[in-house]
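Engineer: First the structure, which I've put down as structure tokens, then a few questions once you've had a look.
The values are calculated or read from the model by the stated rules, or taken from the named source; none is laboratory data. Worth saying up front: this structure is predicted, and the values here are computed from it rather than measured. Virtual Cβ from ideal backbone geometry, glycine too; neighbours counted across all protein chains shown.
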């Protein structure tokens, strides 16, 4: 055994640092894959599903209007968008209000910045097309919605995201990112998810609600964790090339740290006997929006319970390869998913 000298302590610290850096690199490679990773390619039977996505740029049409008459024509030509997203009638009063907003200099600035941030949106079209192919393969009866974009005035004209049976709307001005002249009024940890590359994953997370059956009778922390874990698993399934960090909106470093400390995080839930806790106050500490989860560790990000739920679902699906995505999404026995997952990460030294 080496003597407990200053040189030895420095050696040990360097070894730990090297090991941790190697571990982080391994996690990133495992999580994000390589550029030529075949797992990112859709199987032929899914790739052949006929889906064609063309994103309609509603902001270009509205904000180029030169008169109230052109605004009225815009609404007349887009009844689904008007009724479901804007939720306004095509009358003189609403036309006048929309025209005034469309000529607002601040909104015009958001339109220009959205154009700079997203360009022709071919990347997003490809992401959505691949996602809808996966959904159509598993749910043949699913009707692919119209996809539209809009500049909302950060809430003045609509929400950041909207999903219905027939329409999906992406509020571009929310997702411009840190360089935007105007940003949503929200805490920094919320703003972190409003970035261009997180927009489509966020839309798919919202869309998962259509397929993710829930159990209203099970409001335990474990039930909430697994329910959200199913939602994240749905997103990873329809966007297989998307890094975990973009799906759950954690940083790369946070993802690496969580994987490294997965056993300790899980031990916290067991030692505190939290899995079957029903108190909404306690459940929200681990599921709700927070900058961090100090109950686990000051550096643990918020929503840490949803991440653990995601890992439980992943383990369940790995151990049950015959379970299809629709079968998973329809399963409301959260304890069954947990028990059959055999999830039990060990503490790392």
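Engineer: Restricting the search to the stretch 290-349, which residues are without any contact (Cβ under 8 Å) to a residue 12 or more places away in the chain and under 30 Å from residue 141 (Cα atoms)?
Structural biologist: 318, 321, 322, 323, 327, 336
Engineer: Picking from 87, 83, which residue would you name as being loosely packed, with under 13 Cβ neighbours inside 10 Å, assigned by TED's automatic domain parsing to the domain that holds residue 134 and within 28 Å of residue 143 (Cβ to Cβ)?
Structural biologist: Answer to the check: 87.
Engineer: Here's something else I'd like to know. Quickly run through the stretch 43-69 and pick out the residues that are surrounded by 15 or more Cβ atoms within 10 Å (Cβ to Cβ) and either free of Cβ contacts under 8 Å to residues at least 12 places away in the same chain or out of contact with any strand residue (DSSP E or B) (no Cβ under 9 Å at 6 or more places or on another chain) (or both).
Structural biologist: 46, 49, 51, 61, 63, 65, 68
Engineer: With under 23 Å from the mean Cα position of the chain (by Cα), over 30 Å from residue 327 (Cβ atoms) and in contact (Cβ under 8 Å) with a residue 60 or more places away in the chain as the only criterion, which of 139, 85 stands out?
Structural biologist: Exactly one of 139, 85 is under 23 Å from the mean Cα position of the chain (by Cα), over 30 Å from residue 327 (Cβ atoms) and in contact (Cβ under 8 Å) with a residue 60 or more places away in the chain, namely 85.
Engineer: Answer yes or no as to whether residue 266 is crowded, with 16+ Cβ neighbours inside 10 Å, in contact (Cβ under 8 Å) with a residue 40 or more places away in the chain and either touching a strand residue (DSSP E or B) at 6+ places or on another chain (Cβ under 9 Å) or more than 27 Å from residue 187 (Cα to Cα) (or both).
Structural biologist: yes
Engineer: Still on this structure, I have one more. Sort out for me the helices (runs of 4 or more DSSP H) sitting completely within the stretch 237-304 that have 3 or more residues that are within 25 Å of residue 335 (Cα to Cα).
Structural biologist: Because the criterion is at least 3 residues that are within 25 Å of residue 335 (Cα to Cα), the helices (runs of 4 or more DSSP H) in the stretch 237-304 that meet it are 244-248, 262-271, 280-287.
Engineer: Now a separate question. Within the stretch 311-338, which residues are in a helix (DSSP H, G or I) and over 14 Å from residue 229 (Cβ atoms)? Step through it out loud before you land on a result.
Structural biologist: As a first pass, look at the stretch 311-338 and keep what is in a helix (DSSP H, G or I): 311-319, 325-330, 334-338.
319, 326, 327, 330, listed by residue number.
Engineer: Next question, about the same structure. Cβ-Cβ under 8 Å, sequence separation 6+ or interchain: first residue in the stretch 251-263 and assigned by TED's automatic domain parsing to the domain that holds residue 296 and within 12 Å of residue 296 (Cβ to Cβ), partner modelled with pLDDT of 95 or more and part of a helix (DSSP H, G or I). Which pairs?
Structural biologist: Taking only residues 6 or more apart or on different chains, the pairs are 258/265; 258/304; 258/307; 262/311.
Engineer: Answer yes or no as to whether residue 180 is within 30 Å of residue 339 (Cβ to Cβ) and over 19 Å from the mean Cα position of the chain (by Cα).
Structural biologist: no
Engineer: While we're here: Looking at (1) farther than 12 Å from residue 150 by Cβ; (2) part of a helix (DSSP H, G or I); (3) at pLDDT below 95, which one does residue 60 not meet, given that it meets all the others?
Structural biologist: (1)
Engineer: Please go through the stretch 156-181 and give me each residue that is touching a helix residue (DSSP H, G or I) at 6+ places or on another chain (Cβ under 7 Å), farther than 19 Å from residue 103 by Cα and not in a loop (DSSP other than H, G, I, E, B), ordered by number.
Structural biologist: Those that are touching a helix residue (DSSP H, G or I) at 6+ places or on another chain (Cβ under 7 Å), farther than 19 Å from residue 103 by Cα and not in a loop (DSSP other than H, G, I, E, B): 161, 162, 163, 167, 168, 169, 170, 175.
Engineer: Looking for whichever is within 17 Å of residue 60 (Cα to Cα), in contact (Cβ under 8 Å) with a residue 60 or more places away in the chain and over 19 Å from the mean Cα position of the chain (by Cα) here; the options are 107, 112, 157, 98. Which one fits? I'd like the intermediate steps shown before the answer.
Structural biologist: Numbers: 107 fails: in contact (Cβ under 8 Å) with a residue 60 or more places away in the chain; 112 fails: in contact (Cβ under 8 Å) with a residue 60 or more places away in the chain; 98 fails: in contact (Cβ under 8 Å) with a residue 60 or more places away in the chain.
157 is the lone residue from the list that is within 17 Å of residue 60 (Cα to Cα), in contact (Cβ under 8 Å) with a residue 60 or more places away in the chain and over 19 Å from the mean Cα position of the chain (by Cα).
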